[in-house]
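Only one structure is covered here, and it is reproduced in the block below.
The values are calculated or read from the model by the stated rules, or taken from the named source; none is laboratory data. Quantities reported herein were computed from a predicted structural model and do not represent experimental measurements. In this analysis, Cβ positions are derived from the backbone assuming ideal geometry, glycine residues included, and neighbour counts consider all displayed protein chains.
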Amino acid sequence: MKIGIICYPTFGGSGVVATELGKELALNGHQVHFITYTQPIRLDFFNENLFYHEVDISSYPLFQYAPYESALAGKMVDVVKYEKLDLLHVHYAIPHATSAFLAKQILETEGIHIPVVTTLHGTDITVVGKDRTYKPVVTFSINKSDGVTAVSDDLRKDTFNTFKITNEIEVIPNFVDMSRFHKQEKDHFKKIICPNDEKLIVHISNFRRVKRIGDVITAFGKIRESIPSKLLLIGDGPERVKMEKLCRDLGLCDDIRFIGKLDVIEEVLSVADLFFMPSEKESFGLAALEAMACEVPVISTNAGGLPELNVNGVTGFMSEIGDVDDMVKNALHILSDENLATFKTNALKRAKEFDIKNIVPKYEAYYRKIIEKV
Ligand code: GMT
């Protein structure tokens with residue numbers, strides 16, 4: 001198949017999933033055309049089946065805000081026509097599904113039929129989509145897609161509960177590339193971060209409020225009272241400065257490091273003992289899956305789709321949102337010498353169920369179904 005993939009190309013789960021999907025499809029022999037405003041961050045290898053088309057957003061003095069949706073639709077029209085694509089797969093409803101609908105309509109006037117598949121990732125439904133300005137646009141764009149997928153059953157249900165949806169929604173979960181995300185020998189790295197053999201706790205996110213990083217820091221302060229440990233906070237975003245202040249206020253700076261955005265997260269995860277994801281909303285929790293693939297158990301909330309990934313008492317534990325004391329109790333249980341190895345083994349076993357090799361064929365089958373239908 002010849003597939004166009006549209007996504008947010010910078011850091012963020014939806015862009016990561018879209019890029020990894022495109023890479024795997026290319027390895028499986030499909031021709032994949034990324035249509036984005038900059039090179040996707042994980043589009044880091046060369047394959048004869050991979051193409052990248054940049055959306056140029058021309059500026060004009062009249063535009064206070066450049067019309068990205070129109071530029072994207074125009075680029076989609078161009079690529080579909082000249083590369084003879086079979087299908088457009090847009091990731092994140094806003095504005096990608098909307099631009100795809102416009103592109104589809106324009107192409108129809110030239111007798112070209114292009115099926116559009118929209119994948120809902122989370123905040124496009126649970127945060128942005130619920131904003132009353134965007135809600136009618138999100139509803140319309142989902143209903144006008146030829147196929148719709150959601151990354152968890154919870155997100156699917158939330159979409160039906162929030163919008164007047166007339167379309168079917170298929171659940172295809174996030175996945176992990178086990179050839180990249182697996183435990184590697186990085187003992188020298190562990191020695192640098194944890195010179196006295198402390199336990200290593202890791203959190204990775206885009207540092208937005210919904211991630212509740214304050215809970216990670218507060219819980220860490222209490223865990224550290226019982227077990228010598230260090231905390232690595234990876235990523236960057238609007239909450240970072242506030243979180244640095246919280247570390248200072250709690251006197252934890254000696255044991256917490258903010259290391260900003262990092263590409264080789266699998267190297268850090270290889271030496272981690274516990275991953276924290278205390279999110280208020282989380283449609284799937286890709287970062288937790290990547291941690292599990294590196295044999296790292298997870299302390300999470302039971303928000304959104306997290307119960308579909310983290311098996312309570314087996315691969316880690318789940319707590320109510322904001323229940324820091326419960327998280328601390330569970331973390332101490334996992335980190336104890338008698339339990340840690342079992343939780344690590346279980347985390348890896350569970351992650352294997354989401355191996356990219358098992359999940360990408362679901363997308364391929366779904367594309368075929370939609371192409372035949374349209
Ligand atoms: O986690 C984020 O805030 C980034 C966001 C995105 O859209 O880039 O991630 C969402 O999509 C990921 C991939 O499908 C999911 O694994 C994340 O759980 C989801 N984030 C939220 O629902 C908050």
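Observations, loosely collected:
- Test: VAL79 is at pLDDT below 95, in the same structural domain as VAL127 (by TED's automatic domain parsing) and not charged (D, E, K, R): no
- Among the residues of the stretch 242-251, those identified as farther than 19 Å from MET277 by Cα and either in contact with a Leu (Cβ under 9 Å, 6 or more places away or on another chain) or not basic (Lys, Arg) (or both) are ASP249, LEU250, GLY251.
- Qualifying residues in the stretch 1-19 (those that are over 17 Å from MET76 (Cα atoms) and in contact with a helix residue (DSSP H, G or I) (Cβ under 7 Å, 6 or more places away or on another chain)) - the one nearest to the ligand (Cβ to nearest atom): GLY13
- Selection count, the stretch 314-328, where residues are farther than 24 Å from LYS349 by Cβ and free of Cβ contacts under 8 Å to residues at least 24 places away in the same chain: 3
- The stretch 122-142, subset closer than 28 Å to GLU372 by Cα and among the polar types (S, T, N, Q), residue farthest from the ligand (Cβ to nearest atom): THR139
- Taken as a whole, the stretch 85-105 holds at least one residue that is within 15 Å of PHE160 (Cα to Cα) and either crowded, with 18+ Cβ neighbours inside 10 Å or away from the ligand (no atom under 16 Å from the Cβ) (or both).
- Within the set SER179, SER145, the sole residue that is of a type outside the set (A, V, I, L, M, F, W, C), over 24 Å from GLY237 (Cβ atoms), more than 16 Å from the ligand (Cβ to nearest atom) and surrounded by 19 or more Cβ atoms within 10 Å (Cβ to Cβ) turns out to be SER145.
- Within the stretch 2-20, residues that are closer than 21 Å to PHE354 by Cβ and among the polar types (S, T, N, Q) have Cβ atoms under 8 Å from residues that are within 11 Å of the ligand (Cβ to nearest atom) and at pLDDT 95 or above in these pairs: SER14/CYS7; SER14/HIS91; SER14/THR119; SER14/HIS121; THR19/CYS7, counting only partners at least 6 apart in sequence or on another chain.
- Residues of the stretch 20-29 satisfying the condition of being buried (at least 18 other Cβ atoms within 10 Å of the Cβ) and more than 11 Å from the ligand (Cβ to nearest atom): GLY22, LYS23, GLU24, LEU25, ALA26
- Of the listed requirements (1) surrounded by 16 or more Cβ atoms within 10 Å (Cβ to Cβ); (2) under 19 Å from GLU372 (Cα atoms), GLY111 misses just one: (1).
- So GLU372, is it more than 26 Å from LYS211 (Cβ to Cβ) and either touching a Lys or Arg at 6+ places or on another chain (Cβ under 7 Å) or in a loop (DSSP other than H, G, I, E, B) (or both): no
- Search result, residues across the stretch 304-334 that are of a type in the set (D, E, K, R) and touching a Lys or Arg at 6+ places or on another chain (Cβ under 9 Å): ASP325
- Residue within the stretch 66-79 that is of a type in the set (A, V, I, L, M, F, W, C), surrounded by fewer than 15 Cβ atoms within 10 Å (Cβ to Cβ) and either without any contact (Cβ under 8 Å) to a residue 40 or more places away in the chain or away from the ligand (no atom under 16 Å from the Cβ) (or both) present: yes
- Exactly one residue out of ASP153, ASP158 is touching a strand residue (DSSP E or B) at 6+ places or on another chain (Cβ under 8 Å) and among the acidic types (Asp, Glu), and it is ASP153.
- Matching option when the condition is out of contact with any Asp or Glu (no Cβ under 9 Å at 6 or more places or on another chain), within 14 Å of the ligand (Cβ to nearest atom) and hydrophobic (A, V, I, L, M, F, W, C), among LEU232, LEU155: LEU155
- Elements of type strands (runs of 3 or more DSSP E) contained in the stretch 244-340, each with 1 or more residues being within 16 Å of the ligand (Cβ to nearest atom) and surrounded by fewer than 16 Cβ atoms within 10 Å (Cβ to Cβ): none
- The residues of the stretch 210-241 that are assigned to a loop (DSSP other than H, G, I, E, B) and either without any contact (Cβ under 8 Å) to a residue 24 or more places away in the chain or among the small types (Gly, Ala, Ser) (or both), listed by number, are GLY235, GLY237.
- Residue selected from the stretch 36-63 under the condition in contact with a Phe, Trp or Tyr (Cβ under 8 Å, 6 or more places away or on another chain) and hydrophobic (A, V, I, L, M, F, W, C), by the criterion farthest from the ligand (Cβ to nearest atom): PHE51
- Residue selected from the stretch 82-126 under the condition among the aromatic types (Phe, Trp, Tyr) and at pLDDT 95 or above, by the criterion nearest to ALA18 (Cα to Cα): PHE101
- Selected residue [crowded, with 22+ Cβ neighbours inside 10 Å and touching a residue at least 12 places away in the same chain (Cβ under 8 Å)] from PHE45, PHE34: PHE34
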